[in-house]
Amino acid sequence: GGVWAPRLVGLAGMGMVAAGVLVMDPADGFPAGTPEGAPASLSWHAVGHLMAGALSFLALILACWVLGRNFSRAGLRRHATASRVAGTLLLVGNAWAMSGTPAGSLALAVGGITAMVWVSAVTGLHRRGS
């Protein structure tokens with residue numbers, strides 16, 4: 001991944017930590033006992049959570065695409081395709097979740113897990129080959 005993939009993966013990790021610290025406001029029956037529907041306004045920490053999550057997912061998408069470009073240049077077509085598919089699944093899952101349509105959280109989870117597992121696998125292959 002050259003220089004950019006590790007930086008983007010690090011940025012994605014920092015965004016995940018920030019999103020974990022800055023929690024969302026109760027909404028849509030979560031946690032139990034919370035009324036259905038969105039809150040009238042978002043707190044500062046809910047806005048921070050959304051911003052950190054968006055930054056994290058964008059960085060992870062870009063990291064996958066950078067890996068795809070680097071694998072293409074190295075002639076590793078399967079790795080390049082897997083990288084691009086992982087990044088694109090996260091992009092689609094995030095867009096689906098942000099649209100508010102049913103199963104948005106599931107789509108985001110599938111995309112996020114796919115991208116994270118792929119980046120982890122690439123890291124493992126790289127460390128083993130070093």
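The values are calculated or read from the model by the stated rules, or taken from the named source; none is laboratory data. The model shown is predicted, which means the values in this text are computed figures rather than measured ones. Positions of Cβ are generated from backbone atoms using ideal geometry, with glycine treated the same way; all protein chains shown enter the neighbour counts. SASA here: full protein model, heavy atoms, side chains in, ligands and nucleic acids out. Shrake-Rupley method; radii C 1.70, N 1.55, O 1.52, S 1.80 Å.
Values as computed for the structure displayed
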{"read-out": "Student exercise, region 1-90 dipole from Lys, Arg, Asp, Glu Cβ charges, in Debye to nearest 20", "value": "840 debye"}
{"read-out": "Residue-averaged [θ]222 nm for the chain, counting only DSSP H segments that reach four residues, each worth -39500 (n - 2.57)", "value": "-26500 deg cm²/dmol"}
{"read-out": "Sorted peptide list for 92-101, 49-58, criterion being average Cβ within 10 angstrom, highest first", "value": "49-58, 92-101"}
{"read-out": "Spread of Cα-to-Cα distances over 5 Å intervals beginning at zero, given as percent, for the chain", "value": "2, 11, 17, 21, 17, 12, 8, 6, 4, 2, 1"}
{"read-out": "Heavy atoms of Ser41: accessible area, 1.4 Å probe, square angstrom to 10", "value": "90 Å²"}
